[in-house]
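> I have a structure here, written as structure tokens, and I will follow up with some questions on it.
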Amino acid sequence: MTPTTLDSAALAHDLRLAVMRFSRRLRHQRVDTSVTLTHLSALSTLKRHGAMSPGELAGHERVQPPSMTRVVVALEGMGLLTRSPHPTDGRQVVIELTPAAEELLTAEAQAREAWLTGQLGELTEEERTVLREAATIMEKLAAR
């Protein structure tokens, strides 16, 4: 291995661990723990992409349709989703967020951002500048 490859491998290792730990910490900043992280992910996908069929949601979430059906049933039971007939396929339904789901997603995001804002406030200006640059680079990596 070349020095560059070794350096990249070491960076990949360190970055993977740091991102996993950071993500775990961020996930613990919850408003409503009765809604699972799987549920929040499905709700977030619906917020980002709009109303869709459960099958389409399963595709976005990269899970099997029967698994998504269970998630949809649970979220509907919590009053976070509504179903309506599909406009072109009578065999399907379209699911969309309720106002309660919108409020929940906003509260969850605000809780995490409040925690993170507090953590960032304890860093130096130089550290915050490095993180701004790192956020841009991480977005670039995620888009590939």
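> Output ³J(HN,Hα) for the stretch 81-96: one whole-Hz value per residue in order, computed from phi by the Karplus curve 6.51 cos²θ - 1.76 cosθ + 1.60 with θ = phi - 60°, and x for Gly and Pro.
9, 10, 10, 9, x, 5, x, 10, 10, x, 7, 10, 10, 10, 10, 8
> For the stretch 31-142, count the residues as N, evaluate 2.2 N^0.38 Å, and divide the Cα radius of gyration by that value, please.
1.33
> How long is the gain from THR45 to HIS86 if the chain were fully straight, where each residue apart is worth 0.36 nm and the alpha carbon distance is subtracted?
12.9 nm
> Okay, moving on. With the contact rule set at Cα under 8 Å and sequence spacing of 6 or more, what percent relative contact order holds for the chain?
23 percent
> Pairing the Cα long axis of helix 37-49 with the longest principal axis of the chain, what angle in degrees results, from 0 to 90 and rounded to the nearest 10?
Computed tilt is about 80 degrees.
Every read-out reported here was derived from the displayed coordinates using simple, explicitly stated rules and does not represent laboratory data. Since this is a predicted model, take the numbers as computed values, not measurements.
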